Amino acid sequence: MTSVYEPWDETRGAEIIAGLGDVEGGTIVMLHALQEAFGYVPAAAIPMIAEARNLSRAEVHGVFTFYHDFRHEPAGKHVLKLCRAEACQAAGGDALVARAESKLGISMGKTTPDQRVTLEPIYCLGLCATAPSAMLDGRLVGRLDEKRIDALVAEAQR
Amino acid sequence: MKIFIPLDAGSVAVGADEIAAAFVQLAEQRSLDLEIVRTGSRGLYWLEPMIELAAPEGRVAFGPVTEADVGSVLDAMSNNAEHALRLGVTDEIPWLKRQTRLTFVRCGVVDPRSVEDYRAHDGYKGLERALTLGTIGILADVSASGLRGRGGAGFPTGIKWKTVAEAQADRKFIVCNADEGDSGTFADRMIMEGDPFVVIEGMTIAGIAVGATKGYIYIRSEYPHAVIALEEGIKAARRAGWLGDNIRGSGHSFDMEVRVGAGAYVCGEETSLLESLEGRRGIVRAKPPLPAHKGLFGKPTVINNVLSFAAIPFILNDGAKAYADFGMGRSRGTMPIQLAGNIKFGGLFEVAFGITLGELIDDVGGGTFTGKPVRAVQVGGPLGAYFPREMFDTPFDYEAFAKRDGLIGHGGIVVFDDSVDMSKQARFAMEFCAVESCGKCTPCRIGSTRGVETIDKIRRGERVAENIAVLEDLSNTMKFGSLCALGGFTPYPVMSALKHFREDFGPPPAHLQAAE
């Protein structure tokens, strides 16, 4: 499963923002909607949100940069998130993270040079009784072991 | 033939969707009349995916089922025959039978997309009674139940609701905190995915009790399945007249919507969550004013955890006394405890307060899945204390844990075996706080980074005794100088690791002093 995003388009961005104009306190809702459409929140969208919500650009930029979810640039074709929280640590997650990093040749938070895979930490998917766990493009995988992490990495690289 | 396959994220993560597809395909090949109902999880995660068959003797469970087993399991189901994975009648499985399921009674049983199924399992009876009681009657029941906030703080729910009910305002709000960020906890996720209507019903009752007509449920973005379950649940409840204007002809109106978080742990703190709901950075607010007086958009707001709302329908339907009869001391009712990490039998164990930590870990949980001895358990998420085996006699109770410098938090327990390095865990606690701090309070924002650096020095063996003194001092400052639990409670895992596992923090002081 790959997420297919639209290329940034100002008219389309304005449409999305206008469609959410009535949402009370909806700045984050707008950011989510833009990222869902374009795969990231283009810098050009920030002043557009500010205008629509009658806020300063600084305020919207502040919200955008506060939350881990929002991307400043497109991610790789596949996003592999590995849980780093305590329950997954207790179940041997750290070693699997190191394994994935070495297989992909990148560290956490980075994208492979061919733009295929972005590797990201996530702090708890709530799968703590089937740890360690991961999410590949929105698909959840639990009870990770060396074999399963290798398969996930290979799938992401395809 | 009717079978039940979980759609719970924990079960899906170990193959439930693929297995459901395999059952469909095989049934078609065999021209078998097979009805598949997707349910939540029963919470016996080591047995997931656990598939149940509607048999004459009741639901019969099989698990953990892999794709390779589907053919033989279907054979066994068709003939209601023996199979290596057959676990017997689900309700008779000892791990489930010894629980007291009040909040989770329907989870894993009903179809979470069907309001009719919810009704058929006593759903909305609490709201029906609430509509006849009115504000004073509902508040009396909630207070008498002894329910305390299940998010972790343990504040009496009845008092919170009464404060909002008495506040005068043009608008009031009900907010459900579903930002379950603590590692080792998944009860909110499970109930939202497996029985969303119980949360919706609880929030609706709160709305009627305090005079609020709008509710928000703030769900973390890491829980996409829960978001879908709640959105579908809200739509179904509206269609059936359980949400919206003039609920079931009562004259009361209440509606709600889902808002999705954006990956900030601190937004689980109630004032930070309110800021986020208003579309701002999740910066913690100073209290007072309390959210009950000035909450969402400056209006009186009831903000409770998912499990608090989910406990309400039982209390209203079965009576406050039925709930309060369970528990110990000032901790009344049941707690959905989550056993996680390196544990043999991990999952959701709802039980009356008072069970000891040792019973939970050794007896219920069966120790570690690696088979090695349990060395430490962290109770209450990333801000909870690490307890060694010597403290396993601690009963699960708000006050008993506080007395031992710990907290039960949201009821998560993460088990570690003897390969754990406790100074590394202490470092992680500080590092996590540094990453997730909202930045408002200096002790939390700066102290956590200094904490990481200090623990690194200790781990390298640099002036260990002095640096431990610095760490203790720093923890003290964070504990008493931070506005919210993130900075204020990060010292719990750090100090407990240091106190109970001193040997992991460099050479002991006497030896060091002699060397110096």
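The values are calculated or read from the model by the stated rules, or taken from the named source; none is laboratory data. Worth saying up front: this structure is predicted, and the values here are computed from it rather than measured. Note that each Cβ is placed from the backbone with ideal geometry, even for glycine, and that neighbours are counted across all protein chains shown.
Observations on the structure shown:
- Residue within the range B:311-327 that is of a type in the set (Gly, Ala, Ser), at the interface with chain A (Cβ under 9 Å from one of its Cβ atoms) and touching a Leu at 6+ places or on another chain (Cβ under 8 Å) present: no
Listed here are the residues, each with its yes/no results for (1) within 14 Å of chain A (Cβ to nearest Cβ); (2) without any contact (Cβ under 8 Å) to a residue 60 or more places away in the chain.
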| site | (1), (2) |
| --- | --- |
| B:409 | yes, no |
| B:418 | yes, yes |
| B:446 | no, yes |
| B:471 | no, yes |
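- One residue from B:387, B:369 being among the aromatic types (Phe, Trp, Tyr) and not in a loop (DSSP other than H, G, I, E, B): B:387
- Residues satisfying the stated conditions in the range B:31-49, i.e. surrounded by fewer than 22 Cβ atoms within 10 Å (Cβ to Cβ) and in contact (Cβ under 8 Å) with a residue 12 or more places away in the chain: B:32, B:33, B:34, B:35, B:36, B:37, B:38, B:46
- When residues of the range A:4-42 are limited to those that are of a type in the set (Gly, Ala, Ser) and within 14 Å of another protein chain (Cβ to nearest Cβ), the one surrounded by the most Cβ atoms within 10 Å (Cβ to Cβ): A:26
- Evaluation of residue A:1 against the conditions (1) more than 9 Å from chain B (Cβ to nearest Cβ); (2) at pLDDT 95 or above shows that the sole unmet condition is (2).
- The range B:166-186 residues that are at the interface with chain A (Cβ under 10 Å from one of its Cβ atoms), paired with ones that are crowded, with 24+ Cβ neighbours inside 10 Å and of a type in the set (Asp, Glu) (beta carbon under 7 Å, 6 or more apart): B:180/B:188; B:183/A:86; B:184/A:86
- Test: residue in the range A:71-84 that is free of Cβ contacts under 8 Å to residues at least 40 places away in the same chain and at the interface with chain B (Cβ under 7 Å from one of its Cβ atoms): no
- Test: residue B:480 is among the aromatic types (Phe, Trp, Tyr) and more than 14 Å from every other protein chain (Cβ to nearest Cβ): yes
- Filter result for residue A:47 (out of contact with any Cys (no Cβ under 7 Å at 6 or more places or on another chain), at pLDDT 95 or above and part of a helix (DSSP H, G or I)): yes
- A single member of B:279, B:295, B:268, B:233 is without any contact (Cβ under 8 Å) to a residue 40 or more places away in the chain and either within 30 Å of residue A:127 (Cβ to Cβ) or of a type in the set (Gly, Ala, Ser) (or both), and it is B:279.
- Test: residue in the range B:288-295 that is surrounded by fewer than 24 Cβ atoms within 10 Å (Cβ to Cβ), of a type in the set (D, E, K, R) and farther than 22 Å from residue B:201 by Cα: yes
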